[in-house]
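Visitor: Below: one structure in structure tokens.
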Amino acid sequence: MDILIALIPFLPLLGAALNGLVGARLPERVVGWLGSGTVLLSFLFSVYLFAHLHGGAEPIRTTLYTFLAVDSFHVDFAFLIDPLSVWMMLIVTGVGFPIHVYSIGYMHGDAGFWRFFAYLNLFIFSMLLLVMGDNLVMLFFGWEGVGLCSYLLIGFWYDNRAYGKAARKAFIMNRIGDLGLLLGLFLIFDIFDSFAYADIFSRLPVLRLDPAVLTIIGLLLFVGAIGKSAQIPLFTWLPDAMAGPTPVSALIHAATMVTAGIYLVARCHPIYSLAPTALEVVAFIGLLTSLVAGLIALCQNDIKKVLAYSTVSQLGLMFVALGMGAYAAAMFHVTTHAFFKALLFLGAGSVIHALGGEQDIRRMGGLRRALPVTYWTFLLATLAISGVPLLSGFFSKDEILANTFAGAGTGWWVLSALGGGLTALYMSRLLFVTFFGNFRGTEEQRAHLHESPRVMTIPLVVLAVLSVAGGLLNLPHLLHVPGAEWLAHFLSPSVGESRPAHLLSAQTEWLLMGAASLLALSAIAWAYWAYAVRQSVPKDEAALSRWERVLAGKFYFDEFYDWVIVRPVERLSQLLHYYADVWAIDGLVNGVGTAVQRIGVEFRRLQNGNIEYYLLGMVVGAVLLFLSLWL
Amino acid sequence: MLDVVKTVPIDYYLWLSCALFCIGVFGVLIRRNALVVLMCVELMLNAVNLLLAAFSTYLSDAQGQILVFFIMVVAAAEAAVGLGILVMIFRNTHTTDIYLLDKLRG
């Protein structure tokens, strides 16, 4: 069993090593199936572990070796297999595998094919370490690993300068968050004297800590989550991360890595449960992000940017759920979101593939006839994410909204539901503008329109099935069907039974559900009328009204950061360069050199090459020496 | 033999040795002929030898005289090497004037 558990992360690492070291000399087919196969094996092993745990087994803890041991500081390279980590492993490998297969088709012919698969496998390895780790150091290890892989993959086409900058931006934004996480870890070690989850959570009730301390810990960990999960104020890297190849956006920047922040908060829920202030902040940031990102997404015209802001907005909703203490609801939305967001990105990739790299939805349109499989799967994913009843997103979003209503009242519910409504609006806008109406691209693109190869469409179909049926994992309890709230029950050993919505009456829940569905359906209907019936095309930048311009300009977050942080730092660096570096430090070093040279010129005159002269010097010196001794 | 050495007071040895050494030093400093300079170096070495032999006898300790032999061996080697160099210098420059040998100045 231990070996099996260890193999789950190390198989992808092996794949990464093989592809990275000798992949350049292997044919594409071998590289692709090696990368995908290792993930598939990991997935199968995870399924086995899942079945084992689901059968009622206790969580498993295996220590491979002691990673660090300095005095009382002791960190094991250990894995914790409990419902939460198994569930994350299933998501990571289960969504990762179809995306790997899809990449075989999408990256076909790219010079960096082997490099791409090496990075993807390395990412899967890091993400698995993150979720399987038994302590916070392992989590941090994986946390940094996924950050690195994200950087490598965003800048995958590194000869494009803008892409390289996007990669750096993502890395730096993440580092800001990581600093918070790191400080949180230090504080935790200072207080609990251990990094292992089991130790921390068992000492938590015994120590009777000041809630203020727990709030600080919670907030510091949340800063890390803000960075990784792209929340306000650190969300600006995620839309830029779309510079990477589309499968990367699907895997890393939508389905798995960005949910690391959700996982962190859910994993540390015993701390958050004792720090209500921290939870309020989590919920507030989540709600704010979900609304802001939703508004921005309304006015974006890049197919991947819309999806990126949609991801930010959905992550915001997950944080709202976490903030309400409904950890299982957040994990449920993580799951369904992984299905339909991966599908949306892969569908977008298929569209981009068909149009030869075109990403602007204003130059698409009418693609449903040319790309039937992509269209149908994209349609299902859009309906699912919009919260159309009976699809997966409907159930997970309803769960979050019900908990918000129960936990924070009507005002919060209205705003969260509005976030959900915005999702429906911008997603259906994207769908109708892209796939309905007339084709607006060039004649050359029209001639080359083609459905993607089977290796790309089969993953789409698989994910579409999951997006439709994902709701079955956690049907609401008011349906009174067997297996209702199955996921919440399964996860309860890890994240607790906390679910504020249980306090609500059945009528209230039906009412909330109905209202949210109505909102989503009317948003879709409006978008259908505007973009499919009237076939209006998003306007050019020049024709935008002032408010639209603010939204299209992403609320000027980037400009604000540029003005407040980047420019002053640059100015300061220039000043330091001229005064501290060139003038003071260089001046000192060069001055020493010049002084030595000058002295050398003077002393050189002593070396006149005349032996007598040297000998005289020697004799005089010796005599002086003796005299000094004698005196 | 011991008595012969001891018939002369130690002071005399000191003065003689000192005089020889000074002659050697001044010879090295003043003379321009490399051959004479080498001879003056030998003179300085032998001044020390003389002193060593004298003290060795007065203190009844043979170690001083052993040292004398060492110095003589080293001096012989030095003279051989020095003369060899001198011959080469003369062949190349047709002079033994050390004032003209200042090619290595900085």
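Visitor: Among the residues of region B:3-19, is any part of a helix (DSSP H, G or I), more than 30 Å from A:Gly600 (Cα to Cα) and in contact with a Lys or Arg (Cβ under 8 Å, 6 or more places away or on another chain)?
Guide: Within region B:3-19, not a single residue is part of a helix (DSSP H, G or I), more than 30 Å from A:Gly600 (Cα to Cα) and in contact with a Lys or Arg (Cβ under 8 Å, 6 or more places away or on another chain).
Visitor: A follow-up question, please. Considering each of A:Ala230, A:Ala225, A:Ala278, A:Ala255 in turn, give the residue that is more than 11 Å from the chain's Cα centre (by Cα) and not acidic (Asp, Glu).
Guide: Details: A:Ala230 fails: more than 11 Å from the chain's Cα centre (by Cα); A:Ala225 fails: more than 11 Å from the chain's Cα centre (by Cα); A:Ala255 fails: more than 11 Å from the chain's Cα centre (by Cα).
That would be A:Ala278, the only listed residue that is more than 11 Å from the chain's Cα centre (by Cα) and not acidic (Asp, Glu).
Visitor: Out of all the residues in region A:344-357, is one or more outside any helix (DSSP H, G or I), within 28 Å of the chain's Cα centre (by Cα) and in contact (Cβ under 8 Å) with a residue 40 or more places away in the chain? Step through it out loud before you land on a result.
Guide: We begin by selecting, within region A:344-357, every residue outside any helix (DSSP H, G or I); these are A:355-357.
Right, trim to within 28 Å of the chain's Cα centre (by Cα) and you get A:355-357.
Applying the additional criterion that residues be in contact (Cβ under 8 Å) with a residue 40 or more places away in the chain yields A:355-356.
Yes, region A:344-357 contains a residue that is outside any helix (DSSP H, G or I), within 28 Å of the chain's Cα centre (by Cα) and in contact (Cβ under 8 Å) with a residue 40 or more places away in the chain.
Visitor: Separate question: Check region A:553-569 and report whether any residue there is more than 14 Å from every other protein chain (Cβ to nearest Cβ) and over 35 Å from the mean Cα position of the chain (by Cα). Quick ask: steps written out before the conclusion?
Guide: Initial filter on region A:553-569 (more than 14 Å from every other protein chain (Cβ to nearest Cβ)): A:553-569.
Add one more test, that the residue is over 35 Å from the mean Cα position of the chain (by Cα), and what stays is none.
Looking through region A:553-569, none of the residues is more than 14 Å from every other protein chain (Cβ to nearest Cβ) and over 35 Å from the mean Cα position of the chain (by Cα).
Visitor: Also, I was wondering about something else. Assuming A:Glu612 fulfils every condition listed in (1) within 14 Å of another protein chain (Cβ to nearest Cβ); (2) touching a residue at least 60 places away in the same chain (Cβ under 8 Å); (3) acidic (Asp, Glu) apart from one, which condition is it?
Guide: Just one mismatch for A:Glu612, condition (2).
Visitor: Within region A:510-552, which residues are in a loop (DSSP other than H, G, I, E, B), loosely packed, with under 14 Cβ neighbours inside 10 Å and among the basic types (Lys, Arg)?
Guide: Residue satisfying the conditions is A:Arg534 alone.
Visitor: Out of all the residues in region B:52-83, which are hydroxyl-bearing (Ser, Thr, Tyr) and touching a helix residue (DSSP H, G or I) at 6+ places or on another chain (Cβ under 6 Å)? First the steps, then the outcome.
Guide: Step one: of region B:52-83, the residues hydroxyl-bearing (Ser, Thr, Tyr) are B:56-58, B:60.
Correct list: B:Ser56, B:Thr57, B:Tyr58.
Visitor: May I ask you to say which residue of B:Tyr58, B:Tyr12 is surrounded by fewer than 17 Cβ atoms within 10 Å (Cβ to Cβ), touching a residue at least 24 places away in the same chain (Cβ under 8 Å), more than 14 Å from chain A (Cβ to nearest Cβ) and out of contact with any His (no Cβ under 6 Å at 6 or more places or on another chain)?
Guide: Numbers: B:Tyr12 fails: touching a residue at least 24 places away in the same chain (Cβ under 8 Å).
Every option except B:Tyr58 fails the conditions.
Visitor: Considering region A:193-245 alone, what residues qualify as being of a type in the set (Lys, Arg) and surrounded by fewer than 22 Cβ atoms within 10 Å (Cβ to Cβ)?
Guide: Restricting attention to region A:193-245, the residues satisfying the condition of being of a type in the set (Lys, Arg) are A:203, A:208, A:228.
Across region A:193-245, the qualifying residues are A:Arg203, A:Arg208.
Visitor: Return the residue satisfying two criteria in turn: it lies in region B:77-106 and is away from chain A (no Cβ under 13 Å), exposed (fewer than 13 other Cβ atoms within 10 Å of the Cβ) and modelled with pLDDT under 90, and of such residues it is farthest from B:Arg32 (Cα to Cα).
Guide: Step by step, filter region B:77-106, then rank; the result is B:Asn92.
Visitor: Which of the following residues is on the phi < 0 side of the Ramachandran plot, surrounded by 11 or more Cβ atoms within 10 Å (Cβ to Cβ) and within 14 Å of another protein chain (Cβ to nearest Cβ): A:Leu576, A:Leu606?
Guide: Details: A:Leu576 fails: within 14 Å of another protein chain (Cβ to nearest Cβ).
Just one listed residue meets the conditions, A:Leu606.
Visitor: Also, I was wondering about something else. Find all pairs meeting these conditions: Cβ atoms under 9 angstrom apart; at least six residues apart or on different chains; first residue within region A:398-417 and acidic (Asp, Glu); second residue surrounded by fewer than 22 Cβ atoms within 10 Å (Cβ to Cβ) and part of a helix (DSSP H, G or I).
Guide: Partner pairs satisfying both residue conditions: A:Asp398/A:Glu509; A:Asp398/A:Leu512; A:Asp398/A:Met513; A:Asp398/A:Ser517.
Visitor: Continuing with this model, one more query. Hey, any hits in region B:27-41 for a residue that's within 14 Å of another protein chain (Cβ to nearest Cβ), part of a helix (DSSP H, G or I) and in contact with a strand residue (DSSP E or B) (Cβ under 9 Å, 6 or more places away or on another chain)?
Guide: The answer is yes; a qualifying residue exists.
The values are calculated or read from the model by the stated rules, or taken from the named source; none is laboratory data. Owing to the predicted nature of the structure, the values given are computational and were not obtained by experimental measurement. So basically every Cβ, Gly included, is an ideal-geometry build from the backbone, and we count neighbours across all protein chains shown.
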